[in-house]
Amino acid sequence: MTSPRSPAPLSLRLLFWLCLALGLIFAGDAVWRILADDGRRSVEDWMSPRHVMAVFHVPEADMARILGFPPGAPPFASIRDLAQAQGRSVADVLAEIQTAADANAGDAP
């Protein structure tokens, strides 16, 4: 004759419910962020030209014109550093890049 199975210890049940609650909270947060996202992001000064070209689909020729680097050689430095090295206002450079990003927003694959 077999004995009935003992219920799971209280600590295991509490751990299960805690993990379930945390999982639902994280899933709810992810859903909220996805639904609240309007798809519009702005270029920031910490980004590199390569990052902007990849994420915002700004052509390299536009980035080279705005930031003054030779075509085919986008630097790894941040936009902030590149603007300061040229003695230009970071806000002005960001505005030019954002204009180029907005102009190419429909070109995303």
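The values are calculated or read from the model by the stated rules, or taken from the named source; none is laboratory data. Note that the structure is predicted; figures quoted are calculated from it, not measured. Cβ atoms come from the backbone with ideal geometry, glycine included; neighbour counts cover every protein chain shown.
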Residues of segment 63-90 being among the hydrophobic types (A, V, I, L, M, F, W, C), within 14 Å of Val43 (Cα to Cα) and within 20 Å of the chain's Cα centre (by Cα), in sequence order, are Met63, Ile79
### Message
Condition (residue is outside the structural domain of Val93 (by TED's automatic domain parsing) and acidic (Asp, Glu)) applied to segment 21-34: is it met by at least one residue?
### Response
yes
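Are any residues in segment 61-78 under 15 Å from Thr99 (Cα atoms) and either in contact with a helix residue (DSSP H, G or I) (Cβ under 6 Å, 6 or more places away or on another chain) or touching a residue at least 60 places away in the same chain (Cβ under 8 Å) (or both), and if so, which ones? Even if it seems obvious, please write down each step before you answer.
The initial filter retains those residues of segment 61-78 that are under 15 Å from Thr99 (Cα atoms), namely 61-67.
Matches in segment 61-78: Asp62, Met63, Ile66, Leu67.
Restricting attention to segment 47-72, which residues are loosely packed, with under 10 Cβ neighbours inside 10 Å and at pLDDT 90 or above?
Just the residues of segment 47-72 that are loosely packed, with under 10 Cβ neighbours inside 10 Å, to begin with: 70, 72.
Result: no residue meets the conditions.
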